[in-house]
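Trainee: Got a structure here, written out as structure tokens. Questions coming.
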Amino acid sequence: MDRGKRIGIINSGGDCAGLNAVIAAAVKCGLLKGYQFLGFERGWEGLLNPIRYRDLDLNAVRGISYLGGTILGTVNRGRFGAKAGIGEKRQVPDEIIREAIANMKTLDCDGLIVIGGDGTLSGALQLAERGVRVIGVPKTIDNDLGATDRTFGFSTAAQVVVDALDRIHTTASSHNRVILVETMGRHAGWIALRAGLAGGADAILLPEFQFEVADFVNYLRVRYNTVGSSVVAVAEGARIADNHVSRVAGSGEVRLGGVVNRLMEEIDRLAPDEFELRSVVLGHVQRGGTPNSADRALSKAYGVEAIRAYDRGEFGKMVSYSHLGMATVPLQDAVGQLKRVTKDSMEYQTARELGIFIH
């Protein structure tokens, strides 16, 4: 492959611990192979008019791997939005695709490394189908992309929840309370499951498995009469009797959340004044902050493999962590699979054997 080509780097969607480490690793590895880099600011919007980008050289990425967030900025909606909800995709308008391709030519940008989740990579796929040289890097703290074993940011997010649970246990036991802790996880409950198991949650409520409030109340009664307090990890997409607590945003994206408040209302309705209930919504604190060692190492591996795949000419592919090593998979496969918790999952089986309420 010809050297000296300019590669654009785009990250889009929610921020995530480890993003800067991916960017830094890709740039450092690519510079050694003779590439130059542009970093488009605020996701896809930076590639569209008015174009916003910065040159990424060694000085630009020095010392950023430990930083949370992204030096390029990001948006999770915009003109390039290609995701509406679980299993629902929107085509990016053709005029937007043409504008992005034209701007790449204006900047002498040979191709793109696109870091994002299924929505971002769905947009990248449309560019790839028009002949743009694209390499995808999976990014989601939910760890729910089916074409890779692990995504960066997940380990850090789960650790944030574990740290919170450790603290909440002490106040729950001191006051004999039931405390519901809402985590991220719209359609897949990996954060709540991994953190709930590690953090000693007494119940774990996930999007994958509906539960009846009456059954949950009976469980809390048994605990109250034997142990006392209960700490519950609740994914934001958990289903109460098969119903999500959600609203539709102006962009058309379904936004989940508020499930712990609804659950408290239901518990009070079935068992008025029986329990002293409290709730904690961890929200975006799970996204921010310094990536832990596992995520830093994984992020750097993703960044390096993205450059190696680009150098090999494996365009239209996403780099994937699989069987303790790096590989590539077609972008079409990457955006077509949602990895959800099943009853065969190691963490699920462990939780059941420990007597944790998980349905």
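Trainee: Mind listing whichever residues of the stretch 175-206 are free of Cβ contacts under 8 Å to residues at least 40 places away in the same chain and either surrounded by fewer than 19 Cβ atoms within 10 Å (Cβ to Cβ) or of a type in the set (D, E, K, R) (or both)? Spell out how you get there, then give the answer.
Mentor: If we filter the stretch 175-206 for residues that are free of Cβ contacts under 8 Å to residues at least 40 places away in the same chain, which is where we start, we get 195, 199-200.
GLY200 - this is the single residue of the stretch 175-206 that is free of Cβ contacts under 8 Å to residues at least 40 places away in the same chain and either surrounded by fewer than 19 Cβ atoms within 10 Å (Cβ to Cβ) or of a type in the set (D, E, K, R) (or both).
Trainee: Right, another one. Suppose we filter ARG177, ARG186 for residues that are of a type in the set (Lys, Arg) and at pLDDT below 95; which single one remains? Give the steps one after another, and end with the answer.
Mentor: Working: ARG177 fails: at pLDDT below 95.
Answer to the selection: ARG186.
Trainee: Out of the residues in the stretch 322-359 meeting the condition of being over 22 Å from GLY123 (Cβ atoms) and in contact with an Asp or Glu (Cβ under 6 Å, 6 or more places away or on another chain), tell me which one is most open to solvent (accessible area, probe 1.4 Å).
Mentor: Start the filter on the stretch 322-359 by keeping residues that are over 22 Å from GLY123 (Cβ atoms), which leaves 322-327, 340-359.
After this cut, where a residue has to be in contact with an Asp or Glu (Cβ under 6 Å, 6 or more places away or on another chain) as well, the list is 322, 326, 340-341.
Values: SER322: 38, MET326: 56, ARG340: 90, VAL341: 7 Å².
Selected residue: ARG340.
Trainee: Here's something else I'd like to know. Looking at this structure, is ASP163 open to solvent by 30 Å² or more (accessible area, probe 1.4 Å) and either of a type in the set (S, T, N, Q) or closer than 30 Å to GLY78 by Cα (or both)?
Mentor: Working: open to solvent by 30 Å² or more (accessible area, probe 1.4 Å): yes; either of a type in the set (S, T, N, Q) or closer than 30 Å to GLY78 by Cα (or both): no.
When the stated conditions are applied, ASP163 does not pass them.
Trainee: For the stretch 301-310, name all the residues that are of a type outside the set (A, V, I, L, M) and surrounded by fewer than 22 Cβ atoms within 10 Å (Cβ to Cβ). Walk me through how you get there before you give the answer.
Mentor: Pass one, the stretch 301-310, residues of a type outside the set (A, V, I, L, M): 302-303, 305, 308, 310.
Matches in the stretch 301-310: ARG308 only.
Trainee: If I ask for residues that are closer than 22 Å to ASP15 by Cβ and in a helix (DSSP H, G or I), which ones from the stretch 147-177 would you list?
Mentor: Those that are closer than 22 Å to ASP15 by Cβ and in a helix (DSSP H, G or I): PHE154, SER155, THR156, ALA157, ALA158, GLN159, VAL160, VAL161, VAL162, ASP163, ALA164.
Trainee: Looking only at residues in the stretch 256-300 that are more than 23 Å from VAL217 (Cα to Cα) and charged (D, E, K, R), which one is least open to solvent (accessible area, probe 1.4 Å)?
Mentor: ASP295
Trainee: Of (1) open to solvent by 10 Å² or more (accessible area, probe 1.4 Å); (2) within 30 Å of ILE307 (Cβ to Cβ); (3) in contact (Cβ under 8 Å) with a residue 40 or more places away in the chain, ILE135 satisfies all except one. Which?
Mentor: So ILE135 meets the others, but not (1).
Trainee: Can you name every residue in the stretch 30-48 that is touching an Asp or Glu at 6+ places or on another chain (Cβ under 9 Å) and touching a residue at least 40 places away in the same chain (Cβ under 8 Å)?
Mentor: GLY30, LYS33, TYR35, LEU38, LEU47, LEU48
Trainee: Give all pairs with beta carbons closer than 7 Å in which a residue from the stretch 49-64 that is of a type in the set (Ser, Thr, Tyr) meets a residue that is not in a helix (DSSP H, G or I); count only pairs at least 6 apart in sequence or on separate chains.
Mentor: So the pair list comes out as TYR53/LEU38; TYR53/GLY39; TYR53/PHE40; TYR53/GLU41.
Trainee: Follow-up question, since we're still on this one. Identify all residues within the stretch 213-232 that are part of a helix (DSSP H, G or I), farther than 13 Å from MET264 by Cα and either of a type outside the set (D, E, K, R) or in contact (Cβ under 8 Å) with a residue 40 or more places away in the chain (or both); write none if there are none. Before you say what the answer is, go through the steps one by one.
Mentor: At the first step, the residues of the stretch 213-232 found to be part of a helix (DSSP H, G or I) are 213-226.
Then drop every residue that is not farther than 13 Å from MET264 by Cα, which leaves 215, 218-219, 221-226.
Within the stretch 213-232, ASP215, ASN218, TYR219, ARG221, VAL222, TYR224, ASN225, THR226 meet the criteria.
The values are calculated or read from the model by the stated rules, or taken from the named source; none is laboratory data. The structure presented is a predicted model; accordingly, all values stated were derived computationally and were not measured. So basically every Cβ, Gly included, is an ideal-geometry build from the backbone, and we count neighbours across all protein chains shown. All accessible areas refer to the heavy atoms of the entire protein, side chains included, with ligands and DNA or RNA removed. Shrake-Rupley method; radii C 1.70, N 1.55, O 1.52, S 1.80 Å.
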